[in-house]
Amino acid sequence: ELDSLRLGSGWKIDELSKPQIIVESSYGHSHPGSAHLDKLMDEAGIGIKEKGGRAANYFVTDICDGEAQGHDGMNYSLVSRDIMAAMMEIHVKATPFDAGVFIASCDKSVPAHLMAIARLDMPAIFMPGGIMKAGPNLLTLEQIGTYSAQYERKEITEEQFMVYKRDACPDCGACSFMGTASTMQVMAEALGIALPGSALIPAHLPELKETARKAGEHALGLAREELKPSDIMTIQAFENAIMVHAAIAGSSNSLLHLPAIAHECGIELDLDMANAISEKTPNICHLAPAGSHYMEELNEAGGIYAVMKEIDKLGLLKTDIITCTGKTVAENIANAVNKNPDIIRHSDNPYSKTGGIAVLKGNLAPDSCVVKRSAVAPEMLVHSGPAKVYDCEEDAMAAINGGEIVDGDVVVIRYEGPKGGPGMREMLNPTSAIMGRGLGSTVALITDGRFSGATRGAAIGHVSPEAAVGGNIALIKNGDIIDIDIPANTINVRLSNEELEERRKAWTPREPKITTGYLARYASLVTSGNRGAVLEVKK
């Protein structure tokens, strides 16, 4: 029956006996991260055909965090990651294929494709969708939040604001700063499941199409060699990815996605590993929004393999493991060159001796929380201040815009976690508003929600356990003093265990915000942020 259905779909009889390769992508006209992926699918198909295979195109269109920002759509953003992974599972399990090429370039679609690759464990390769170039004067989307706050305060005109909005996204691809989309493309290359040099190619360059064609060719090779993702995405590969993440100071959202991808590989990533690796791995790239360099500049400087080669100088990298090229990491990075030490600093001249991400623990977050330490002002690395507590993002935004937040405060936004949101909304608007009001070096923000890769400042997210399940963040009151010590990896509220227990007795679970539709089902299955917000059926 399959043969007849293939023929009815336009296949030729001689193609039925060829290796059949699924080419899956998040192509759609919904946003710049996906609008161009059909062209890469075509190129991958050409590569597959040239090597004697037959491609079949499938689609799981994603949504954009930027378009979901500031309204109820954000509840669906992280949720979409698991829906896309499930759809890809359905595509492959319902119709057999010999191998796959998976193409994506946005915040949730990249980890979704990587989760599917791991879950399916058939020969597969990930093809990044490229990087958007920066706009005039290196303008990027992450700056729009600040300009929006300035416009609201009438510090810039509507005409100026419209110019910024018009020029912030000049073409397709992952946003040109070190946000979640670009970080996750980098993670795919660091894991060895994407071709060398593929993570940071500007989307407008012909090189990206050429690489997509090579990805199609390599998919045939993986099928013939029976080299599977489980052979490539090992615990050692995840250690390499975390090292690269520390070196480039990637998005804090990666510490949601890497555990979720590892979970699909049968590997449980303990986030304490991130601190242990970060202690040894220097931060050698200072990329926007924390720094002044952009993804296209990192690509021109030698890309991720040049970063990995710098790490390898310290003897940290696991170099004897296999990658999707059929070669080891050592073989892949052998010819990598650091072409610009101003962009990729040498390992003996880092921005800091430790990596750009920190995992904090303490009585406020017994299971952990996460901060992008490289984006924190030096004077905020150690901070104590009174809590100002809000039970949703909207209330916090009203307080920030209303001038209620002052120097020294610690803004706490809770009931925004995976269950409480539901969907773990990102808090880009509150952090942008704090920065826009000039409070970025004096005010901290703590949440059981998450942050955009564009976030700057002392923004601490993924607090676990979350408020909705009775985590200690639910017990904090206005005026409680919170102590943050990022170098020591600690976060505590000045309350004794006895006081916390007394407050717990008085605490009652909140009624779910949403009780119908997919979000209600998601909330019933999702685990905490420290576990990657993966879905688990209760036994």
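Numerical summary
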quantity: Selection status of ARG531, open to solvent by 70 Å² or more (accessible area, probe 1.4 Å) and within 20 Å of SER251 (Cβ to Cβ); calculated: yes
quantity: Filter pass, VAL359 being outside any loop (DSSP other than H, G, I, E, B) and either without any contact (Cβ under 8 Å) to a residue 60 or more places away in the chain or open to solvent by less than 40 Å² (accessible area, probe 1.4 Å) (or both); calculated: yes
quantity: Selected residue (criterion: farthest from ALA276 (Cα to Cα)) from residues of the stretch 489-508 that are free of Cβ contacts under 8 Å to residues at least 60 places away in the same chain and among the hydrophobic types (A, V, I, L, M, F, W, C); calculated: ALA506
quantity: Selection from the stretch 182-214 of residues that are touching a strand residue (DSSP E or B) at 6+ places or on another chain (Cβ under 8 Å), among the small types (Gly, Ala, Ser) and open to solvent by 10 Å² or more (accessible area, probe 1.4 Å); calculated: ALA203
quantity: The stretch 403-416, residues that are open to solvent by less than 10 Å² (accessible area, probe 1.4 Å) and touching a Gly at 6+ places or on another chain (Cβ under 6 Å); calculated: ASP409, VAL410, GLU416
quantity: Subset tally (residues that are closer than 23 Å to ARG425 by Cα, loosely packed, with under 13 Cβ neighbours inside 10 Å and small (Gly, Ala, Ser)) for the stretch 488-523; calculated: 1
quantity: Filter result for the condition that a residue is among the polar types (S, T, N, Q) and within 20 Å of ALA467 (Cβ to Cβ), over ASN338, ASN401, ASN363; calculated: ASN363
quantity: Flag if ILE13 is open to solvent by 20 Å² or more (accessible area, probe 1.4 Å), closer than 17 Å to THR211 by Cα and of a type outside the set (S, T, N, Q); calculated: no
quantity: Test result for ASP480, within 25 Å of ALA149 (Cα to Cα), at pLDDT 95 or above and surrounded by fewer than 24 Cβ atoms within 10 Å (Cβ to Cβ); calculated: no
quantity: Which listed residue, of SER347, SER368, is polar (S, T, N, Q) and part of a strand (DSSP E or B); calculated: SER368
quantity: Matching residues, the stretch 44-66, being open to solvent by 30 Å² or more (accessible area, probe 1.4 Å) and in a helix (DSSP H, G or I); calculated: ILE46, LYS49, GLU50, GLY66
quantity: The listed residue being open to solvent by 10 Å² or more (accessible area, probe 1.4 Å) and touching a Pro at 6+ places or on another chain (Cβ under 6 Å), out of ARG456, ARG437; calculated: ARG456
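The values are calculated or read from the model by the stated rules, or taken from the named source; none is laboratory data. Bear in mind that the values here come from a model prediction, so they are computed numbers and not experimental data. For neighbour counting, all protein chains shown are included, and Cβ atoms are generated from backbone atoms with ideal geometry for every residue, glycine included. Note: areas computed on protein heavy atoms with side chains; ligands, DNA, RNA excluded. Shrake-Rupley method; radii C 1.70, N 1.55, O 1.52, S 1.80 Å.
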